[in-house]
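Below you'll find the structure, written out as structure tokens, and then a few comments.
The values are calculated or read from the model by the stated rules, or taken from the named source; none is laboratory data. As the structure is a computational prediction, the values presented were derived from the model and not from experiment. Note that we place each Cβ from the backbone using ideal geometry, even for glycine, and neighbour counts take in every protein chain shown. When the accessible area is computed, the model is the full protein with side chains, heavy atoms only, and any ligands, DNA or RNA have been set aside. Shrake-Rupley method; radii C 1.70, N 1.55, O 1.52, S 1.80 Å.
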Amino acid sequence: MPANRTITAAEVFVSSPSRNYVTLKITTSDGLVGYGDATVNGRELSVASYLKDHLCPALIGRDAERIEDTWQFFYKGAYWRRGPITMAAIGAIDMALWDIKGKAADMPVYQLLGGAARDKILTYTHATGWGFEELMDSVAQRQTEGFRAVRVQFGVPGLEKVYGVTREAATYEPAGRGIGPVTEDWDSAAYLRTAPQMLARVRDAVGDELHLLHDVHHRLTPSEAARLAQDLEVVRLFWLEDVMPAENPQLLRQVRNQSTIPLAIGEVFNTIWDCQQILTERLVDYIRCAVVHAGGISHMRKILALAEVFNVQGAPHGPSDVSPINMAASLHLGLATSNFAIQEHMGYDPLVSEVFTSHYTFNDGYLHPSDKPGLGVEFDEKAARKFEYRQAYLPVARNLDGSVKDW
Ligand code: EZ4
Ligand code: CO
């Protein structure tokens, strides 16, 4: 069947309204435009090049309606596949094509995915404070804003800096601007002494109702993680995130066997194969891939379908370092997916709205993707050009003896 809607242009924009974002714009022969997010924090130019130099030329002339075939073409059709750069590039194409399909049908993307499986999506945001008082101010602020679930991060006595926590403000930016990554220090023993006490104090202060989450950012060994999980039982966390690096998912069994604490992992995973063992052996309760980093809506949908079989729920990554286009894609998928628990929404610097106009709504602790056709996010090219790319990297942590610590 001849295509009646072909791709006529595919352009990549790297813009930095407060931080770097990579945006793909696809245009069709009948004048429709779709947007995809391709941001990989600290590796923005690599994914921009992968798109511009290798995938965009192959998009021209393709049938814009054939989302699944295009996905397979760039995934199965590539000799060198998987990994964050490849999968974010495919993810951006996939999102942009769903955006176009929605606009063509005059429907929000969640309708194309089967319609709403829920009315609204529970969301959580971040609260940070170096010490207890500052942390509680930040938690209170988040509750005032309407959040029913809050991720709490705090300082560790004796350390200069801890990732995700600032000494001055209740927010943080995951990548420091400037040349080269900043070095942070890390001390697992000090962290393990601090975390149970701090989180127990927070639970006492907020009462039973507020959902509390905590992110370990892959810093522990299996034995340390098991001990932390046991020590945190009394806090009744919504989840404990990224307790250890997950290249060997079977190592999580030690934590599973020794505690009832719900675990969440997956923000650095890129394919269903990265998730396979963790899901089929039910080594976590929540799977956290970001739509952009796991090949877009089409592939994330398959990950969530596999998760559903094993009673694992979706809870995608939603930091400030993926753009509002990814956030919208995640919300459309979340509204249409029954085993979707919660969406992280870290929030954005006000400058981001000069480039991206989103229409998803926040109300009383819940998000809704909006009923605009497609994904419902507009991208202002002219504004984007005002904010030039600036080199920025995630920090690297070292142990007290100077050796490099895992992310
Ligand atoms: O460290 O997005 O759950 N959220 C997080 C984030 C990530 C950054 C990495 O780019 O862990 O803060
Ligand atoms: Co995280």
**Study point:** Residue count, region 286-335 (criterion: part of a helix (DSSP H, G or I), within 16 Å of ligand 2 (Cβ to nearest atom) and open to solvent by 10 Å² or more (accessible area, probe 1.4 Å))
**Key:** 1
Check your understanding: From the residues in region 374-396 that are under 30 Å from residue 161 (Cβ atoms) and more than 16 Å from ligand 2 (Cβ to nearest atom), which one is least open to solvent (accessible area, probe 1.4 Å)?
Key -> 392
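Suppose we keep only residues that are on the phi > 0 side of the Ramachandran plot and either outside any loop (DSSP other than H, G, I, E, B) or open to solvent by less than 20 Å² (accessible area, probe 1.4 Å) (or both) within region 227-274. Which one would you say is farthest from ligand 2 (Cβ to nearest atom)? Full working, then the answer.
Quick first cut of region 227-274, residues on the phi > 0 side of the Ramachandran plot only: 236, 242, 266.
The next check asks that each one be either outside any loop (DSSP other than H, G, I, E, B) or open to solvent by less than 20 Å² (accessible area, probe 1.4 Å) (or both); those that pass are 242, 266.
Working: 242: 5, 266: 9 Å.
Per the criteria, the residue is 266.
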Practice item. State all residues of region 112-142 that are in contact with a helix residue (DSSP H, G or I) (Cβ under 8 Å, 6 or more places away or on another chain) and of a type in the set (S, T, N, Q); if no residue qualifies, say none. Key: 125, 128
Exercise for review: State all residues of region 156-200 that are more than 19 Å from the chain's Cα centre (by Cα), within 16 Å of ligand 1 (Cβ to nearest atom) and assigned to a loop (DSSP other than H, G, I, E, B); if no residue qualifies, say none.
Suggested key: 161, 166, 169, 170, 181, 182
Study note, to complete from the structure: The residue from 255, 234, 216 that alone is within 18 Å of residue 150 (Cα to Cα), more than 16 Å from ligand 1 (Cβ to nearest atom), out of contact with any Phe, Trp or Tyr (no Cβ under 6 Å at 6 or more places or on another chain) and in contact (Cβ under 8 Å) with a residue 24 or more places away in the chain is 234
Review point. What about residue 122, is it out of contact with any strand residue (DSSP E or B) (no Cβ under 8 Å at 6 or more places or on another chain), away from ligand 2 (no atom under 16 Å from the Cβ) and either closer than 17 Å to residue 340 by Cα or not β-branched (Val, Ile, Thr) (or both)?
Key: no
Check your understanding: Quick check: anything in region 151-174 among the aliphatic types (A, V, I, L, M), surrounded by fewer than 15 Cβ atoms within 10 Å (Cβ to Cβ), under 25 Å from residue 405 (Cα atoms) and modelled with pLDDT of 95 or more?
Key -> no
Review point. For region 1-38, how many residues are closer than 14 Å to residue 61 by Cα and of a type in the set (Ser, Thr, Tyr)?
Key: 5
